[in-house]
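K.L.:
Quick one: this structure, given as structure tokens, is what I'll be asking you about.
The values are calculated or read from the model by the stated rules, or taken from the named source; none is laboratory data. Treat the numbers as computed from the prediction; the structure is a model and nothing was measured. In this analysis, Cβ positions are derived from the backbone assuming ideal geometry, glycine residues included, and neighbour counts consider all displayed protein chains.
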Amino acid sequence: MFGKEPALTPLELRKRLLIAESEINRAQLRQEWEKLAAGLGGLADRAKTIGTYASVAAALVAGLATVRRSQAAPVEAKRSWMRTVVKGLRIAASIWLALRPRRHGDDSPSFQGPGRESPP
């Protein structure tokens, strides 16, 4: 047993080569999987950016449509300046919420309503 190693048979040699090749293929597959995951992460970030722009565009279109409707509607009585200010503030708030930078993983507005505290 402590002498020379017996010579490998062609079958045993082929088996060892196949095992080594499988290990190489596993390592390459793992690298390709990591590259794919990184690429998908970048794609998801781009989709979020596009979603943000779409949200801003939708808010602007909705605001413009509201303004056009209010201008096209017949004025039965003189509108209160307070109502006009409130409407303008609503439009500005919706645009601000769409444009403000969001924290990573935060898909909801930060306002939680009265009496609710934000987590520490």
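K.L.:
Which one of these does residue 48 not meet: (1) modelled with pLDDT under 85; (2) loosely packed, with under 10 Cβ neighbours inside 10 Å?
P.N.:
(2)
K.L.:
I need every pair where a residue in the stretch 35-61 that is in contact (Cβ under 8 Å) with a residue 24 or more places away in the chain has its Cβ under 7 Å from the Cβ of a residue that is among the small types (Gly, Ala, Ser) and surrounded by 11 or more Cβ atoms within 10 Å (Cβ to Cβ), sequence separation at least 6 or different chains.
P.N.:
55/98; 56/98; 59/94; 59/98
K.L.:
Where the second residue is surrounded by 10 or more Cβ atoms within 10 Å (Cβ to Cβ) and small (Gly, Ala, Ser) and the first is on the phi > 0 side of the Ramachandran plot and at pLDDT 55 or above and lies in the stretch 65-86, which pairs have Cβ atoms under 9 Å and are six or more apart or on separate chains?
P.N.:
From the stretch 65-86, no pairs qualify.
K.L.:
Scanning the stretch 3-27 for residues that are among the β-branched types (Val, Ile, Thr) and modelled with pLDDT of 95 or more, which turns out farthest from the chain's Cα centre (by Cα)? If you could, list the steps in order and put the result at the bottom.
P.N.:
Of the residues in the stretch 3-27, the ones among the β-branched types (Val, Ile, Thr) are 9, 19, 24.
From what is left, the residues that are modelled with pLDDT of 95 or more are 19, 24.
Working: 19: 41, 24: 34 Å.
My answer is 19.
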